[in-house]
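Presented below is the structure to which this report refers.
Values quoted throughout were computed directly from the atomic coordinates according to the rules given, and no laboratory measurement underlies them. Just so we're clear, the structure is a prediction, and the values are computed from it rather than from any experiment. Positions of Cβ are generated from backbone atoms using ideal geometry, with glycine treated the same way; all protein chains shown enter the neighbour counts.
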């Protein structure tokens, strides 16, 4: 799956080289949206076509909710500590 | 918001088609979606490379500006790690990969479903959509009880676009620069971190 990283890095390089060609960048942004739509359609198709996934959708949703709350809690805890730390240093 | 709606429409249309139709035999769905994914990642890279504002900002604000994205990443990982003691049927690696979407649900869900499978892909899609919704709904409370970094951190990658308006409204306009920077860094990291986390030890 490191092929993904290779594509990403080549994308960044070509974007940097072509950054002046606004029209081309605009076109690639549109293609980007289209490819997101297509892939999510395929993901949806895979789910709809898989009885096991459909019947466990609510369980997956609950797990997803737990994961996002865990991530949010962890990050707001640490970022609030960071903010307090920066405030304290600025007071001195 | 308009894009989120279109994305949701395509996703639901996909589910309905999947329920009603069976894919034609010999139709290489996996190969096709893998190549669309490669093109997608390439194009994300192009938009990142073409927009160098984020990098100019780094020069002007020194390294301190990296502390907030770092807090978001470490905080998210710690939160998800703590959850892994209770959610035993998903591996720690997979949990962290889902958390590493940082709200960027479109990209994270397609990468994860491609590498690990549709089941984890669905979890990633929902978990990261929820992260955006939680941020949109709770930002006023975060600002009131915690501070101005909390909503930015909670927004994750979305702090540069979908949650930016609400962050800038409740934290103040002066926080929108750091919010955009924070979101940009996480957006760039999502397609990098997820394959690395899931790729380690996976032979595929």
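Taking A:18, A:82, A:60 as the candidate residues, the one with maximal mean-square fluctuation in a Gaussian network model of chain A, Cα springs under 10 Å, is A:82. Using a Gaussian network model of chain B in which every pair of alpha carbons under 10 angstrom is joined by a spring, one finds that among B:144, B:173, B:64 the greatest mean-square fluctuation is at B:64. Its Cα gyration tensor gives chain B an equivalent ellipsoid; the semi-axes, largest first and in whole Å, are 30, 19, 18.
Sorting B:162, B:187 from the fewest to the most surrounding beta carbons within 10 angstrom yields B:162, B:187. Is the C-alpha gyration tensor of the protein assembly as shown telling us rounded, prolate or oblate? Criteria: a/c under 1.5 is rounded; beyond that, a/b larger than b/c is prolate, otherwise oblate. Oblate, since a/c reaches 1.5 and b/c is not below a/b. Which angle between 0 and 90 degrees, to the nearest 10, do you get for helix B:2-20 versus the longest principal axis of chain B when only C-alpha atoms count? Helix B:2-20 sits at roughly 20 degrees to that axis.
Taking each residue as 0.36 nm, the span from residue A:33 to residue A:57 lengthens on full extension beyond its C-alpha to C-alpha distance by 6.0 nm. Counting every other Cβ atom within 10 Å of each residue's Cβ, B:39, B:74, A:47 order from fewest to most as B:74, B:39, A:47. Its residue count N sets the reference 2.2 N^0.38 Å, and the alpha-carbon radius of gyration of chain A equals 1.73 times that reference. With angles folded into 0 to 90 degrees, how steeply does helix B:67-83 sit against the dominant principal axis of chain B? Use alpha carbons for both and round to 10. Helix B:67-83 sits roughly 50 degrees off the main axis of chain B.
Neighbour counts of C-beta atoms inside 10 Å place B:47, B:135 in the sequence B:47, B:135, starting with the fewest. Can you bin region A:1-50 into rounded, prolate or oblate? Criterion: square roots of the alpha carbon gyration tensor eigenvalues sorted a ≥ b ≥ c, rounded for a/c under 1.5, prolate for a/b above b/c, oblate for the rest. It is oblate, given that a/c is not under 1.5 and a/b is not larger than b/c. The modelled label-to-label distance for the pair residue B:47/residue B:177, using points 7 Å beyond Cα in the direction of Cβ, is 2.4 nm.
Other protein chain C-beta atoms within 10 Å of residue C-beta, averaged over B:145-154: 6. Projecting label points 7 angstrom from Cα along Cα→Cβ for residue B:32 and residue B:13 puts them 1.4 nm apart. Given Cα pairs under 8 Å that are at least 6 residues apart, what percent is the relative contact order of chain B? Once normalised by length, the contact order is 20 percent. Evaluate E = 1/(1 + (r/R0)^6) for residue A:21 and residue B:85, where r is the Cβ-Cβ distance and R0 equals 41 Å; express this FRET efficiency to the nearest 0.05. After rounding, the FRET efficiency stands at 0.20. Take each residue of peptide A:12-24, count the partner chain Cβ atoms within 10 Å of its Cβ, and average: the result is 4. Per-residue shielding of B:159-171, expressed as the average number of other chain Cβ atoms within 10 Å of the residue Cβ, stands at 0.
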